[in-house]
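Trainee: Quick one: structure below, then a few questions.
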Amino acid sequence: MLHCADIHLDMPFTSLGSAEGKAAKRRNEIREAFHGIIELALVEKVEFLLICGDLYEHEYVKKSTISFVNEEFGKIPNTRVIIIPGNHDPYLPGSVLRTFKWADNVYILAGEKELLEFEEPCVRISGSLKPSIRPKPSCIDVLMLHGTLNMEISKNAYNPLTSAQLDSSGMDYIALGHFHNRFEAEGKARTAFNPGSPEPLGFDEEGSHGVYITDIFIEENGTKHSEARFIAINRRKYRSIDVNCEGCGNDEKAVSITEAAIKESGSREDLFSVTLKGRVEAGYKPDIGRLEASLAEQCFFIKIKDNTVPGYDLEEIIKEPGIRGLFVKKMLERISQAEMAGDEEGRSLAL
């Protein structure tokens, strides 16, 4: 089976701001990622495609997108497609999960339908942790859930879950969705997997993104075991980097340093969040708009935050009347005396 989640078709990508055409391009790349999942299902000849919530964005999805999705499902008629809703594609009245005429191989596991059973081989797929749904020794039992696992429960937590609950289900494979970063082999039985989103969607989602291909076996003695392998399919990566601008006195120098850091950290295909750090020369403040424009061709998207510390013109400060000018003058005198005496510790203290 192929296990994916959190595709988020027609996501607005407001985080990309007004960058020309970037949001539209990312939306198209999400469609390409979905097409890639269908192609992978064909190549791997999977019997089941599990989509664990947030297939699309309920508030933004277009009819043409749903038509495209259904046509893609039609390309894998021998694969049963099982979809559960998530918090971004809820099972509401009027939802396309309820109203759309899906391809014959598509099953919506939601509402009153909590369990699907298939024969040859016997595979049971549930979408609920209800105690009444228990595994059968002669069948392969799969649980699909979209929820928040092992996090402090808050009012904002969507469908909170614990590893203890997953363990008690007794399922052979637990297919999860909701977190956009992947994790695997959760719980004592090590049967819970979350592939994350096939494409990263924000700067808190660094690393590889993709899907799981999972094989589940029943041995002659009735023992069951699963083998899940992760396949990365993401086209781009989000990267957050710090850039040391110590001593910079102009934007050209800051651009040069940042460009080198981008080349070292990733590729031109990536999205970068850059934080400038260090003490810059007195009187210089990085022009963020200018820096972003100068570096726009070095990567797919860049946003820059200025955390630099302004330098001081000490010669000007000692001319000031008042305590600050007097203090700096005294410290400079101490530094000079320490240097003449070879007192490195005294010099450091004065600095």
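The values are calculated or read from the model by the stated rules, or taken from the named source; none is laboratory data. Here the structure is a predicted model, which means the values were calculated and not measured. Methodologically, a virtual Cβ is constructed for each residue, glycine included, from the backbone with ideal geometry; neighbour enumeration extends over all protein chains shown.
Trainee: Given the conditions (1) in a loop (DSSP other than H, G, I, E, B); (2) of a type in the set (Asp, Glu); (3) surrounded by fewer than 15 Cβ atoms within 10 Å (Cβ to Cβ), and given that GLU205 satisfies all but one, which numbered condition is not satisfied?
Mentor: Of everything listed in (1) in a loop (DSSP other than H, G, I, E, B); (2) of a type in the set (Asp, Glu); (3) surrounded by fewer than 15 Cβ atoms within 10 Å (Cβ to Cβ), GLU205 misses just condition (3).
Trainee: Which of the residues that make up region 78-90 are surrounded by fewer than 22 Cβ atoms within 10 Å (Cβ to Cβ) and within 24 Å of the chain's Cα centre (by Cα)?
Mentor: ASN87, PRO90 - these are the residues of region 78-90 that are surrounded by fewer than 22 Cβ atoms within 10 Å (Cβ to Cβ) and within 24 Å of the chain's Cα centre (by Cα).
Trainee: Could you list, in sequence order, the residues of region 112-136 that are charged (D, E, K, R), outside any loop (DSSP other than H, G, I, E, B) and within 32 Å of the chain's Cα centre (by Cα)? Spell out the reasoning first.
Mentor: If we filter region 112-136 for residues that are charged (D, E, K, R), which is where we start, we get 112-114, 117, 119-120, 124, 130, 134, 136.
Subsequent filtering for residues that are outside any loop (DSSP other than H, G, I, E, B) retains 117, 124.
Selection gives ARG124 alone.
Trainee: Return the residues of region 2-21 that are at negative phi and modelled with pLDDT of 95 or more; say none if nothing qualifies. Give the steps one after another, and end with the answer.
Mentor: Of the residues in region 2-21, the ones at negative phi are 2-5, 7, 9, 11-12, 14-16, 18-20.
Once the filter is applied, which keeps residues that are at negative phi and modelled with pLDDT of 95 or more, region 2-21 yields LEU2, HIS3, CYS4, ALA5, ILE7, LEU9, MET11, PRO12.
Trainee: Are any residues in region 61-73 surrounded by 14 or more Cβ atoms within 10 Å (Cβ to Cβ) and out of contact with any His (no Cβ under 9 Å at 6 or more places or on another chain), and if so, which ones?
Mentor: Result: VAL61, THR65, ILE66, VAL69, ASN70, PHE73.
This table checks each residue for (1) touching a strand residue (DSSP E or B) at 6+ places or on another chain (Cβ under 6 Å); (2) farther than 30 Å from LEU2 by Cα; (3) in the same structural domain as ILE302 (by TED's automatic domain parsing); (4) polar (S, T, N, Q).
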position	(1), (2), (3), (4)
GLU206	yes, no, no, no
ASN221	no, no, no, yes
GLU227	yes, no, no, no
VAL243	yes, yes, yes, no
GLY247	no, yes, yes, no
ALA261	yes, yes, yes, no
GLU264	no, yes, yes, no
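The rows are residues; the columns are (1) touching a residue at least 12 places away in the same chain (Cβ under 8 Å); (2) at negative phi; (3) more than 19 Å from the chain's Cα centre (by Cα).
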position	(1), (2), (3)
LEU145	yes, yes, no
THR162	yes, yes, yes
TYR173	yes, yes, yes
THR191	yes, yes, yes
ASN194	yes, yes, no
GLU199	yes, yes, no
GLU205	yes, yes, no
GLY247	yes, no, yes
ILE257	yes, yes, yes
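Trainee: With respect to ASP6, is the statement that it is of a type outside the set (Val, Ile, Thr), in contact (Cβ under 8 Å) with a residue 12 or more places away in the chain, within 26 Å of ILE231 (Cβ to Cβ) and in a loop (DSSP other than H, G, I, E, B) true?
Mentor: yes
Trainee: Filter region 290-300 down to the residues that are within 25 Å of the chain's Cα centre (by Cα) and surrounded by 13 or more Cβ atoms within 10 Å (Cβ to Cβ), then identify the one that is farthest from GLY17 (Cα to Cα).
Mentor: Here the residue is GLN298.
Trainee: Output the number of residues of region 159-188 satisfying the condition of being surrounded by fewer than 16 Cβ atoms within 10 Å (Cβ to Cβ) and hydrophobic (A, V, I, L, M, F, W, C).
Mentor: 3
Trainee: Further question on the same structure: For ASP306, which of the numbered conditions (1) under 23 Å from the mean Cα position of the chain (by Cα); (2) buried (at least 16 other Cβ atoms within 10 Å of the Cβ); (3) among the acidic types (Asp, Glu) fails to hold?
Mentor: (1)
Trainee: Is it the case that region 281-289 has a residue that's basic (Lys, Arg) and either touching a Cys at 6+ places or on another chain (Cβ under 8 Å) or surrounded by 16 or more Cβ atoms within 10 Å (Cβ to Cβ) (or both)?
Mentor: Looking for residues that are basic (Lys, Arg) and either touching a Cys at 6+ places or on another chain (Cβ under 8 Å) or surrounded by 16 or more Cβ atoms within 10 Å (Cβ to Cβ) (or both), one finds none in region 281-289, hence no.
Trainee: Return yes when VAL255 is more than 24 Å from GLU199 (Cβ to Cβ) and modelled with pLDDT of 95 or more and no when it is not. First the steps, then the outcome.
Mentor: Numbers: more than 24 Å from GLU199 (Cβ to Cβ): yes; modelled with pLDDT of 95 or more: yes.
Criteria met by VAL255.
Trainee: Select from region 101-137 the residues that are among the aliphatic types (A, V, I, L, M) and either at pLDDT below 95 or not assigned by TED's automatic domain parsing to the domain that holds PHE73 (or both) and list them in ascending order.
Mentor: Let us first name the residues in region 101-137 that are among the aliphatic types (A, V, I, L, M), namely 103, 106, 108-110, 115-116, 123, 125, 129, 133.
Of everything in region 101-137, those that are among the aliphatic types (A, V, I, L, M) and either at pLDDT below 95 or not assigned by TED's automatic domain parsing to the domain that holds PHE73 (or both) turn out to be LEU129, ILE133.
One line per residue, one yes/no per condition, for (1) among the polar types (S, T, N, Q); (2) in a helix (DSSP H, G or I); (3) more than 15 Å from LEU2 (Cβ to Cβ); (4) touching a Phe, Trp or Tyr at 6+ places or on another chain (Cβ under 7 Å):
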{"residue": "ALA23", "(1), (2), (3), (4)": "no, yes, yes, yes"}
{"residue": "GLU39", "(1), (2), (3), (4)": "no, yes, no, no"}
{"residue": "VAL46", "(1), (2), (3), (4)": "no, no, no, no"}
{"residue": "HIS58", "(1), (2), (3), (4)": "no, no, yes, no"}
{"residue": "ASN87", "(1), (2), (3), (4)": "yes, no, yes, yes"}
